[in-house]
Amino acid sequence: MGTPLLAVGTALWLGLMTSVSPCPLATNLAAISYVGKRVDRPGHVLLAGLLYTLGRTLSYILVALIVVRSLLSISAVSMFLQRNLNEVLGPVVLLAGLLLLDVIPWPWAGRGSSLAESIKLKAANLGLWGAALLGLAFALTFCPVSAALFFGSLVPLAIKHDSSLLLPSLYGIGTAVPVVAFALILAFATNRLSKAFNVLTTIERWMRRVTGAVFILVGAYYCLVYLFRVL
């Protein structure tokens, strides 16, 4: 049986949500400045954006393969997850929703920028292929929110549907969408860059609010049904 369409859409949405969260957004902004260095060569900019996407996607696939296959290969853990995944999922999703709505503060929100700049400088000598290295490295710089979305939402989804390739791939593509979008703008409509960034900021705010609210509702429902047996 193929992976349900809802799971496919959820994986992509989680990636998009990750891409515009404060910490990952800092790395994506660093990537945008990197892939846009040769704005005089549109093809170069687009290829750099795609290589960055490939790098991020490969990192998430690798991590998901290790985590999902490791968990499912250990019989005791596999049985525990099959029996108790819903109980674990409720609190984790609820916590992710509280983070997204800023109910829990973000003291770490700006910490990704200095690390992103450091990695970007090291990748500069690799030219075009440095974009792929940036994607590989930035994907692994998990902060609390991106870790919650990946390990707390994407990984359980991948375990549930036994999909350690497709769902992480879609998640990785989703996390790189802003970089590809800005690469297109840099390549063909540089004068619209400022307006696009303002739109992204507005989208991020509403995406975070809607997703946070949905996560809280889903997490609370799972807690009530599977933990407290209320409903």
Of the residues in segment 26-51 that are touching a helix residue (DSSP H, G or I) at 6+ places or on another chain (Cβ under 6 Å) and modelled with pLDDT of 80 or more, the one that is surrounded by the fewest Cβ atoms within 10 Å (Cβ to Cβ) is LEU46
Taking segment 143-165 and keeping residues within 22 Å of TYR52 (Cβ to Cβ) and either buried (at least 17 other Cβ atoms within 10 Å of the Cβ) or in contact with a strand residue (DSSP E or B) (Cβ under 9 Å, 6 or more places away or on another chain) (or both) leaves CYS143, VAL145, SER146, LEU149, PHE150, LEU154
Kindly indicate which of PHE228, PHE215 is within 17 Å of the chain's Cα centre (by Cα) and modelled with pLDDT of 80 or more.
PHE215
SER169 is checked against (1) surrounded by fewer than 20 Cβ atoms within 10 Å (Cβ to Cβ); (2) at pLDDT below 85 and fails just one. What number does that condition carry?
(2)
Conditions (1) modelled with pLDDT of 80 or more; (2) surrounded by 15 or more Cβ atoms within 10 Å (Cβ to Cβ); (3) not aliphatic (A, V, I, L, M) -> SER70 fails only (2)
Single unsatisfied condition, VAL210 versus (1) buried (at least 19 other Cβ atoms within 10 Å of the Cβ); (2) assigned to a helix (DSSP H, G or I); (3) at pLDDT 80 or above
(1)
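The values are calculated or read from the model by the stated rules, or taken from the named source; none is laboratory data. What you see is a predicted model; the values in this text were computed from it and never measured. All Cβ positions, glycine included, derive from the backbone under ideal geometry; neighbour counts span all protein chains shown.
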